[in-house]
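*Asks:* Can you read through this structure? Questions will come right after.
A short reminder: the numbers here are calculations on the coordinates, not readings from a lab. The model shown is predicted, which means the values in this text are computed figures rather than measured ones. Please note: Cβ atoms are built from the backbone with ideal geometry, for glycine as well, and neighbour counts cover all protein chains shown.
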Amino acid sequence: MKKLFALVSALTLCSAAFAAPEAAAPAPKSAQQSKMVTCNADAKEMKGDERKAFMKTCLSAKPEKKMTPQQEKMKTCNADATDKKGDERKAFMKTCLSAKK
């Protein structure tokens with residue numbers, strides 16, 4: 001009986017050791033948490049209503065979207081083609097967009 005108890009105890013300890021969770025790594029910060037850290041650092045010297053107003057605008061600001069080279073080219077070509085209409089515009093846009101930089 002003692003051997004059986006010792007065997008069960010040893011198995012329990014071994015299974016507990018394997019089942020124990022490893023040291024949990026800190027979870028990556030979400031975009032909002034990262035923004036909060038940045039805004040807090042920028043508002044370090046501010047107090048009261050000034051800080052409140054700054055934090056509101058800082059946290060609600062949308063990040064700038066980066067345009068791809070193709071989108072930039074499209075924007076430029078559209079701006080250059082404002083005075084053109086119909087087939088003339090279509091032909092201009094085709095050559096403008098297909099031109100190499």
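*Asks:* Are there trypsin sites (Lys or Arg not before Pro) in region 61-98 that DSSP marks as loop and that have at most 15 other Cβ atoms within 10 Å, and which are they?
*Replies:* Lys65, Lys66, Lys84, Lys85
*Asks:* Can you sort Asp80, Asp49 from fewest to most other Cβ atoms within 10 Å of each residue's own Cβ?
*Replies:* Fewest to most other Cβ atoms nearby, the residues stand as Asp49, Asp80.
*Asks:* With a 10 Å Cβ neighbour count serving as the proxy for reagent exposure, in which order, fewest first, do Asp42, Asp83 appear?
*Replies:* Starting with the residue having the fewest Cβ neighbours, the order is Asp83, Asp42.
*Asks:* Fully extended, how many nm does the chain gain between Met93 and Arg51 (0.36 nm per residue separation, minus their Cα-Cα distance)?
*Replies:* Here the segment from Met93 to Arg51 would lengthen by 10.3 nm.
*Asks:* For each of Thr76, Thr82, count neighbouring Cβ atoms within 10 Å of the residue's Cβ, then give the residues from fewest to most.
*Replies:* Fewest to most other Cβ atoms nearby, the residues stand as Thr82, Thr76.
*Asks:* Please identify the trypsin sites (Lys or Arg not before Pro) of region 28-63 that satisfy two criteria: DSSP loop assignment and at most 16 other Cβ atoms within 10 Å. Which are they?
*Replies:* Sites meeting the loop and neighbour criteria: Lys29, Lys44, Lys47.
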